[in-house]
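Here's the structure we're looking at; comments come further down.
The values are calculated or read from the model by the stated rules, or taken from the named source; none is laboratory data. Note that this is a predicted model, so its numbers are computed, not measured. Neighbour counts run over all protein chains shown; Cβ positions are idealised from the backbone, glycine included.
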Amino acid sequence: MDYFGTSIFSVLAQMRQKRVEEGKTVIDLSIGAPNIPPAKHILDTLVEATKDPKNYVYAISDLQELQDAVAKWYEVRYGVEINPRTQVCSLWGSQEGLAHLALTLVDEGDVVLVPDPCYPIFADGPKIAGAKLHYMPLKKENDYLIDFDEIPKDVAKAAKLMVVSYPNNPTAAMAPDWFYEKLIAFAKENDIVVLYDNAYSELVFDDAHCGSFLNFEGAMEVGVEFNSLSKTYGLAGARIGFCIGNEEVVKALSTLKSNIDYGIFLPVQKAAIEAITGDQSCVKTTRMAYQRRRDVLCEGLTSIGWTVEKAKATMFLWPKIPNGFESSEKFVIELFEKTGVLVTPGSAFGPSGEGHVRIALVQDEEVMRQAVEAIRESGIL
Ligand SMILES: Cc1ncc(COP(=O)(O)O)c(C=O)c1O
């Protein structure tokens, strides 16, 4: 437990609870908890399957139909061919895989490369495995891309695993094709396994396109991709995601998991099959909902004097804190006290996150307008 301090998220949760108890309004834009429910056909499948008493046994492993559905989904959606029996392992949400993968690859003291800032479990998973972390700063001047030339050669040679993710949480950056080519060459040269987290490939805006890491030549040799049905299909609470790609890595993770859990609740597996093979129009509906929220919030905040760039992707905005504030944490606390609008300080995502806040697009457009109005009225800017 010495690896983990009190997380800022629990501090924010306490502040939130106190304000709720005082009967004051809270507009929570801090945690990336999606509020868009699954489409009807997915919900119906889940409901029907939960009514069947046969579905209450331990699942133990993935249904072959689920493995086949993932393979078909990857072929149709991403143009990637995989062997459904050896290159897919389901996860209790990608979070669970992010927590466990390093345990299969890393010994105490081994080096793991993680982005800074990053989604916290990218660093916490390797920490649980006893890894020594080397942070790769994501800088605005590099469009928040990892700069491979900045990683010292001896560190690169010593590293066993690296975690990479675009569209990126929290910076909302996307990566161009040349980045993937460089990433794969770097991983090959230094014999590093790549854990590529692709949680937000469907939340890209303004007609941009995003594919899969596995679509690039050599990716399957160096790593795996994690995908999640949480945001794309509104299944966050159902907990299902996938580890896909390199056979050895997939096998190691499923072997570890077979010692930890007894598989995913069968109705959730069936709902996942319906989600990824059924009518995909819900994916666009969700994407457009996030895009509209982004537009309302960015345009509103910019119009009252806080310039907030429109994110190209993800469900997050990553603006600089307004001038005159000493730290992102101080700004978040003051903003919350004066307006009831709760966002996350950038420092919660690593040292390079200082100076920014992360705003999650997890409320409807009308609530976003209320947030802008509350900030305007408070005079905090
Ligand atoms: C980058 C990233 N990866 C993974 C997750 C976790 O997703 P899941 O619900 O599949 O565990 C999140 C959730 O916010 C995320 O932002």
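Results for (1) away from the ligand (no atom under 16 Å from the Cβ); (2) in the same structural domain as residue 195 (by TED's automatic domain parsing); (3) in contact with a strand residue (DSSP E or B) (Cβ under 8 Å, 6 or more places away or on another chain), shown as yes or no for each residue.
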residue	(1), (2), (3)
220	yes, yes, yes
247	yes, yes, no
266	yes, yes, no
301	yes, no, no
305	yes, no, no
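Counting only residues that are touching a residue at least 12 places away in the same chain (Cβ under 8 Å), assigned to a helix (DSSP H, G or I) and in contact with a strand residue (DSSP E or B) (Cβ under 9 Å, 6 or more places away or on another chain), region 308-344 holds 8 of them.
Quickly run through region 205-218 and pick out the residues that are within 16 Å of the ligand (Cβ to nearest atom) and either out of contact with any helix residue (DSSP H, G or I) (no Cβ under 6 Å at 6 or more places or on another chain) or of a type in the set (Ser, Thr, Tyr) (or both). Correct list: 210, 212. Does region 85-96 include one or more residues that are in contact with an Asp or Glu (Cβ under 8 Å, 6 or more places away or on another chain), surrounded by fewer than 20 Cβ atoms within 10 Å (Cβ to Cβ) and closer than 18 Å to residue 224 by Cβ? Within region 85-96 (the criterion being in contact with an Asp or Glu (Cβ under 8 Å, 6 or more places away or on another chain), surrounded by fewer than 20 Cβ atoms within 10 Å (Cβ to Cβ) and closer than 18 Å to residue 224 by Cβ), the answer is yes, since at least one residue qualifies.
Whenever a residue of region 1-15 is on the phi > 0 side of the Ramachandran plot and of a type in the set (D, E, K, R), it has no partner that is surrounded by fewer than 10 Cβ atoms within 10 Å (Cβ to Cβ) and not in a helix (DSSP H, G or I) lying with C-beta atoms less than 8 angstrom away and at least six residues away or across chains. Among the residues of region 38-47, are any over 14 Å from residue 229 (Cβ atoms), over 26 Å from the mean Cα position of the chain (by Cα) and either away from the ligand (no atom under 15 Å from the Cβ) or outside the structural domain of residue 220 (by TED's automatic domain parsing) (or both)? Yes, the conditions are met somewhere in region 38-47. Which residue is farthest from the chain's Cα centre (by Cα), if the candidates are limited to region 113-151 and must be farther than 18 Å from residue 190 by Cβ and part of a strand (DSSP E or B)? The qualifying residue farthest from the chain's Cα centre (by Cα) is 137.
Put simply, of 121, 82 the only residue that is in the same structural domain as residue 268 (by TED's automatic domain parsing) and either away from the ligand (no atom under 14 Å from the Cβ) or among the hydroxyl-bearing types (Ser, Thr, Tyr) (or both) is 82. Please count how many residues of region 53-72 are buried (at least 23 other Cβ atoms within 10 Å of the Cβ) and either within 24 Å of residue 164 (Cβ to Cβ) or not assigned by TED's automatic domain parsing to the domain that holds residue 123 (or both). The number of residues fulfilling the criteria is 1.
A quick yes/no check of all residues on (1) over 30 Å from residue 320 (Cα atoms); (2) of a type in the set (D, E, K, R):
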position	(1), (2)
215	yes, no
228	no, no
232	no, no
245	yes, no
261	yes, yes
286	no, no
291	no, no
295	no, yes
300	no, no
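Of the strands (runs of 3 or more DSSP E) that lie entirely inside region 152-241, those containing 2 or more residues that are closer than 29 Å to residue 46 by Cβ and of a type in the set (S, T, N, Q) span 223-228.
Scanning region 17-75 for residues that are part of a loop (DSSP other than H, G, I, E, B) and over 30 Å from residue 337 (Cβ atoms) returns 37, 38, 39, 51, 52, 57, 58, 59, 60, 61, 62, 63.
The rows are residues; the columns are (1) among the polar types (S, T, N, Q); (2) in contact with a helix residue (DSSP H, G or I) (Cβ under 9 Å, 6 or more places away or on another chain); (3) within 17 Å of residue 350 (Cα to Cα).
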residue	(1), (2), (3)
102	no, yes, no
112	no, yes, yes
117	no, yes, yes
126	no, yes, yes
137	no, yes, yes
140	no, no, yes
145	no, yes, yes
148	no, yes, no
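Within region 284-304, is there a residue that is without any contact (Cβ under 8 Å) to a residue 40 or more places away in the chain, assigned to a loop (DSSP other than H, G, I, E, B) and of a type in the set (S, T, N, Q)? Within region 284-304, none of the residues are without any contact (Cβ under 8 Å) to a residue 40 or more places away in the chain, assigned to a loop (DSSP other than H, G, I, E, B) and of a type in the set (S, T, N, Q). When residue 90 is tested against (1) small (Gly, Ala, Ser); (2) closer than 26 Å to residue 33 by Cβ; (3) away from the ligand (no atom under 12 Å from the Cβ), just one condition goes unmet, and that condition is (3).
The set of residues from region 235-245 being more than 11 Å from the ligand (Cβ to nearest atom) and among the small types (Gly, Ala, Ser) comprises just one member, 245.
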